[in-house]
Amino acid sequence: MKRVLPALLLLTACATPPGGGTSAQEVLVFSGLPTASSITTQQTFLPIVAMLRRETGAEIRVQESTSYDALVDGMRDGTVDIGALGPLSYVVARERGARVTPVSAQVKEKGADPSYRAFGFTHADSSITSLTDLRGRKVCYADRMSTSGFLYPSAALHEIGIDPLRDTAPVFTSGHEATALAVANRQCDAGFAFDEMVDRHLVERGQLQPGQLTKFWTSGPIPGAPLVVADDLPEPLRGRIVTALRFKATADHLRANGFCQGECPVGDATAWGYAEVDDSLYDPVRAVCRRVGRTSCAPRPSPGLSPAPAIGRTSGPRPSG
């Protein structure tokens, strides 16, 4: 299953990590969710990947994922060894048979709980002020496998008697950045995305003006996005990866060891780093799936339900998600 570097490439492989043992011939694949079309997985996780190369002595190839489903399939099929997943996509991957374990999850500040929130938002001059105003409106959702961009908003809408797929005009944009920009450009009346995308990322990149979007709904805490590792990686390689992702994937460590400078945001939610977690952290996600009437977090499409239209990529090499 694992890839082996040609002999010439082995000459440029990273040095053997402290403690020795693992062959530099091992080629691992790291992939992450496509959260923004303007920022690649390579850019988002560059400091963490560089740290893992040093810690393991293995060559690590970053693979851009085109969709939530593609990443889940890669984890299930064993073609992705280390994944940066969303909470729901992790649960779905496990339900689909992926032999992976969550080892750490994003935290925004040192010592904080691994969690984030979903926002519902509209353009600043909209008449929409609450979830009840979404009935019959064109609403942008990130992806059916997005936790903050679909699942948690769906649960909130169901609680007030609104079916997001039947009582709104749903548009699946392929991601959070695309959703926010679609609402700002009035392609949708409202949308849902994770907090940092609306509050910080797009404003700092100059893609949104402060106050251009207005929030009308905020979710409760959502379990943090996990880093997962394939269960079938050989030891001691797997152990080194797990230890590194639990204790060294932080802004403090990455900055102190020359992997980044300045603020050094880690991951796609401007996180300080990652904290140790296990599978039980994601039980609330499974509970939300049940609240919206799913017996599984990975249901098959409902018979007779046409796919929602999608808004195309906004820019860059891949869609956001």
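The values are calculated or read from the model by the stated rules, or taken from the named source; none is laboratory data. Only a predicted model underlies this, so the values are computations on that prediction, with no experimental measurement involved. Note that we place each Cβ from the backbone using ideal geometry, even for glycine, and neighbour counts take in every protein chain shown. Surface areas here come from the heavy atoms of the whole protein model, side chains and all, with no ligands, DNA or RNA. Shrake-Rupley method; radii C 1.70, N 1.55, O 1.52, S 1.80 Å.
The figures follow:
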| item | result |
| --- | --- |
| Per-selection Kirkwood Rh - region 105-224 (Cα, Å, 1 d.p.) | 14.2 |
| Rule-of-thumb Rg ratio for region 158-220 [Cα; 2.2 N^0.38 Å; N residues] | 1.16 |
| Heavy-atom accessible surface of region 177-224: percent carbon and sulfur, 1.4 Å | 43 |
| Extreme residue, positive dipole direction of region 45-117, given options Y116, V72, V92 (C-beta unit charges) | Y116 |
| Test item: Cα-centred dipole of region 117-272, Lys/Arg +1 and Asp/Glu -1 on Cβ, debye | 80 |
| Euclidean distance of C-alpha centroids, region 227-263 and region 74-98, integer Å | 18 |
| Protection proxy ranking, peptides 225-234, 279-288, 141-150, average beta carbon neighbours within 10 Å, highest first | 141-150, 225-234, 279-288 |
| Intensity falloff of region 92-157 expressed as log10 I(q)/I(0), Debye formula with alpha-carbon point scatterers, at q = 0.19, 0.25 Å⁻¹ | -0.92, -1.17 |
| Inter-label distance for D133 and D77, nm, one decimal - labels placed 7 Å from Cα along Cα-to-Cβ | 4.4 |
| Values of log10 I(q)/I(0), in the order q = 0.12, 0.13, 0.24 Å⁻¹, for region 61-173 under a Debye, Cα-only, solvent-free model | -0.55, -0.63, -1.28 |
| Shape category assigned to region 254-294 from the gyration tensor of Cα positions, a/c cut at 1.5 | prolate |
| Pairwise Cα inverse-distance average, inverted: Kirkwood Rh of region 175-265 (Å) | 16.4 |
